[in-house]
Each structure stands twice: as structure tokens, then as C-alpha cells.
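Contents: one structure, followed by commentary.
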Amino acid sequence: MNESLKRVRASFEAWYAKKYGTEINTTAIERKAKEPDFVLLHDSGVLWIVEIKRLGYKLTDAEFLNAMRYLHSLRKFLDDNPELGRQFPYRRLTFVVDSIERLDEVSISSLENDPNVTRKTWHEVLDSTKRAHKDFLELVESTAGGRTPVAPQTAPHVVAPRREVDDSAQPQFEVSSPDV
């Protein structure tokens, strides 16, 4: 993981806990036992708060406002710590959620008019992921002269039940390689 992002995460979490008296978690990578409040990611100077909701979920005003407060707090933290802030001059919030029908008109207006706040549905996320992988694979194949640079490994085939063995922990099948 990028060390500067790791430092910003740890510093922001400590600052937030001190300022608001509430601990937050911005990653699930090192803390698998605790679900993150949001995920903090970066890409080319952009620091993203990503609020991820399950497939089919309907975002509420309270959740929207809470995420907006996280964005405000992140901006304040980075502005108050200019050395860190210079590393991430752009701060954005993205909601990954299928429905916003429970949001009131003020929240919807904020979502539609703030250029630093966006929403993606799960179908949009999956589609862009598929396209990115397709583009990546096409690039790899084109730079490898139209061939896949690494030959795929072929799994062994089960051809027949194995002879009786004394060890019951052993699988009871013979395996052969397709190269034979």
C-alpha cells in the first residue's frame, strides 16, 4: 500500500477521534474484524472517500449527511496540515449505492450540483470494471505481439478411482497430467 496514503489514514483517524470523540476506520485492509466507516483511496492527487452500500440498498439522508461530514472533516484536516494536504490537493466523495429515492430534495440537489460528490450504481461499477479489464488485457496482448505472454497452466484431470490405500486421509482418485 502507498505509504503516504497509509500515513494520511492513520493521522486522519487519530485527528478525527481527538476532535469529535469518535473513532473511525477508513480501511478494511489491516482491520478485517471491523467494518470500515468508509474507504479512503487515492489516485493521482485525488483523495477519495468511498461510501459503499450493498447491492439494492436505498441511501438515507442521515447516511448522506454523515458522509458529507466525513468529506468536510477530511478537507479541514488536510487544510490544517498543509504538508499532507499538498500531497492530495483534490478531495472527493463517491457513493456506491443503487438507490437514492429516500433522499430529500436538498440532499439530491447537493449530490447533483457538487462536482466533488458523485454516485455510481453497482451496475456502473461492474461495467467500468469489465471495460478496464478488457482494455488492460487488449493492451497486454498488443504489447506481446498478439499472444498471451504467459501460457495458462492446465489443471490435472481425474481419470479413474485410485487403488485402495491404507491412509484414509488420501484422496481416492488417480491424477494424470494432460501432457501425458
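Give Ala17, Ala10, Ala33, Ala28 a once-over and let me know the one that is surrounded by fewer than 16 Cβ atoms within 10 Å (Cβ to Cβ), out of contact with any Leu (no Cβ under 7 Å at 6 or more places or on another chain), at pLDDT 90 or above and over 19 Å from Pro82 (Cβ atoms). Within the list Ala17, Ala10, Ala33, Ala28, the selection yields Ala17. Glu105 satisfies every condition listed in (1) modelled with pLDDT of 95 or more; (2) open to solvent by less than 40 Å² (accessible area, probe 1.4 Å) except (2). Of the residues making up segment 107-131, those that are part of a helix (DSSP H, G or I) and touching a residue at least 40 places away in the same chain (Cβ under 8 Å) number 4. Among the numbered conditions (1) surrounded by fewer than 19 Cβ atoms within 10 Å (Cβ to Cβ); (2) modelled with pLDDT of 95 or more; (3) β-branched (Val, Ile, Thr), the only one that Val97 does not meet is (1).
The values are calculated or read from the model by the stated rules, or taken from the named source; none is laboratory data. These numbers come from a predicted model, not from an experiment. Because the Cβ atoms are built from the backbone with ideal geometry, glycine has one as well, and the counts that use them run over all protein chains shown. The accessibility values were calculated without ligands, DNA or RNA, using every heavy atom of the protein model including side chains. Shrake-Rupley method; radii C 1.70, N 1.55, O 1.52, S 1.80 Å.
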